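Undergrad: Sharing a structure below in structure tokens format, with a few things to ask.
Just so it is clear, none of the values below were taken in a lab; they were calculated from the coordinates. Since the structure is predicted, the reported quantities are computational estimates derived from the model, not experimental observations. All Cβ positions, even for glycine, are placed from backbone atoms using ideal geometry, and neighbour counts span all protein chains on display.
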Amino acid sequence: MQTSALPPTVDQCVGASVPKPAAASHDVLDLAPDDRRTAFVGRLEIAWDPRILEPRPWTADQSRWAARLLTTLPPGPVLELCSGAGHIGLLTVAGTRRELVCVDREPVATAYAADNAARNGIGAQVHARTATIEEVAEEPTRYALVLADPPWVPSAGIDRFPEDPPGAIDGGPDGTDLAVACVRTAATVLLPGGALVLQLGTAEQATGAVAEAAAAHGLTVEEVRPCAGGVLVLLR
Ligand SMILES: C[S@@+](CC[C@H](N)C(=O)[O-])C[C@H]1O[C@@H](n2cnc3c(N)ncnc32)[C@H](O)[C@@H]1O
């Protein structure tokens, strides 16, 4: 389990106001109280249950990279697409004054993201909303940073992960369907000078379909970093 703390980040002004969400319902959490688990990811205590993906410790690397980037990005809120339990976004903004909007299509995921924000004392700067990747692109809010952790396992391979909810990992034929959707949305909602930090399974996914989609929408793959459980991609 990852235990090291994030580097200190410079407090940033909060930019454009974020959409006020319909409050994430905590009723869905009460449906499975006995299944609830908690673990530390980085320095945050994160709760989840098997209806959503178990937080993977290595994904704290995405938060660390993003937190460093935030110190040089323009003022403005942070968007986390495909948030699941929300730990990647929460670790990124904890210790800053950035607002964070966590979005996932599963109500149980956004309920956990809201719960985890409150559990770690940063509920006031976090808004968790149930929506699809595409729906976010229809909204007027613009973001300094987009974090995205879409399903990226090729459909034919999801049987290798029987513990994981299929909807959380199935990325379509080559694993990039949802990642491409995230790139499209990010290209619409990023502020000038903003950045997208995207999680994928392989470097080939980054340099293939994702790079093509990025180019078509005015973004460029700037760096691909191999990590313990996948790759992280910086796009601007
Ligand atoms: C790989 S999981 C990542 C969850 C979390 N970031 C983590 O590390 O545990 C992908 C998440 O994307 C969500 N998701 C899948 N398709 C989506 C869509 N079209 N719009 C929004 N969220 C989606 C799933 O519900 C799931 O929580």
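Undergrad: Tell me which residues come under 5 Å, amide H to amide H, from A128 once H is placed; ignore anything under 5 positions away on its chain.
TA: Result for A128 returns A24, C102.
Undergrad: While we're looking at this one, here's another question. What ³J(HN,Hα) values, in whole Hz, does the Karplus curve 6.51 cos²θ - 1.76 cosθ + 1.60 give for region 191-196 when θ = phi - 60°, with x put for Gly and Pro?
TA: Computed from phi, the couplings for region 191-196 are 6, x, x, x, 9, 10 Hz.
Undergrad: How big is the convex hull of the Cα atoms of the chain, per residue, in Å³? Each step should come with its number before you reach the end.
TA: Values: hull volume 25.6 nm³, N = 236.
Once divided by residue count, the hull of the chain is 108 Å³.
Undergrad: To the nearest 20 Debye, how big is the dipole of the chain about its Cα centre, given +1 on the beta carbon of each Lys and Arg and -1 on that of each Asp and Glu?
TA: On the way: 18 positive and 29 negative charges, 184 e Å.
Here the chain has a charge dipole of around 880 debye.
Undergrad: With each pseudo-label sitting 7 Å past Cα toward Cβ, what's the T72-E204 distance in nm, one decimal?
TA: 3.2
Undergrad: Per-residue HN-Hα couplings for region 118-128, Karplus 6.51 cos²θ - 1.76 cosθ + 1.60 at θ = phi - 60°, whole Hz, x for Gly and Pro?
TA: Along region 118-128, the couplings run 5, 4, 9, x, 10, x, 5, 9, 10, 10, 10 Hz.
Undergrad: Compute the separation of the alpha-carbon centres of region 31-109 and region 156-230 and state it in Å as a whole number.
TA: Here the two parts' Cα centres lie 17 Å apart.
Undergrad: OK, next. Show the residues, 5+ positions off or on another chain, whose built amide H is closer than 5 Å to the amide H of I52.
TA: Amide H to amide H, under 5 Å and 5 or more residues apart or across chains, I52 pairs with nothing.
Undergrad: Mind checking region 153-236 for GluC sites (Glu not before Pro) that DSSP puts in a loop (not H, G, I, E or B) and that have at most 14 other Cβ atoms within 10 Å? All intermediate terms of the calculation are to be shown ahead of the outcome.
TA: On the way: sites: E163, E204, E212, E222, E223; in loops: E163.
Qualifying residues, ordered by number: E163.
Undergrad: Ranking C102, C182 by Cβ neighbours within 10 Å, fewest first, what do you get? Show your work: numbers first, answer last.
TA: On the way: C102 32, C182 28.
Ranked by crowding around the Cβ, least crowded first: C182, C102.
Undergrad: Grab the Cα-Cα distance for R160 and E134, subtract it from 0.36 nm times how many residues apart they are, and report the gain in nm with one decimal. It would help to have the intermediate numbers written out before the result.
TA: Numbers: separation 26, 0.36 × 26 = 9.36 nm, distance 2.81 nm.
Result: 6.6 nm gained on full extension.
Undergrad: Percent relative contact order of region 56-235, based on C-alpha pairs within less than 8 angstrom and at least six residues apart?
TA: Values: 377 pairs, mean separation 35.6, N = 180.
This gives 20 percent for region 56-235.
Undergrad: Also, I was wondering about something else. What number, rounded to the nearest 500 deg cm²/dmol, is the helix-based mean residue ellipticity at 222 nm of the chain, given -39500 (n - 2.57) per DSSP H run of at least four residues and division by all its residues? List each step's numbers first, then the result.
TA: Values: 8 runs with 63 residues, N = 236.
Only helices count here, giving -7000 deg cm²/dmol.
Undergrad: Put +1 on the Cβ of every Lys and Arg and -1 on every Asp and Glu Cβ in the chain; which of A117, S83, A213 then has its Cα farthest towards the positive end of the dipole?
TA: Positive-most Cα among the choices belongs to A117.
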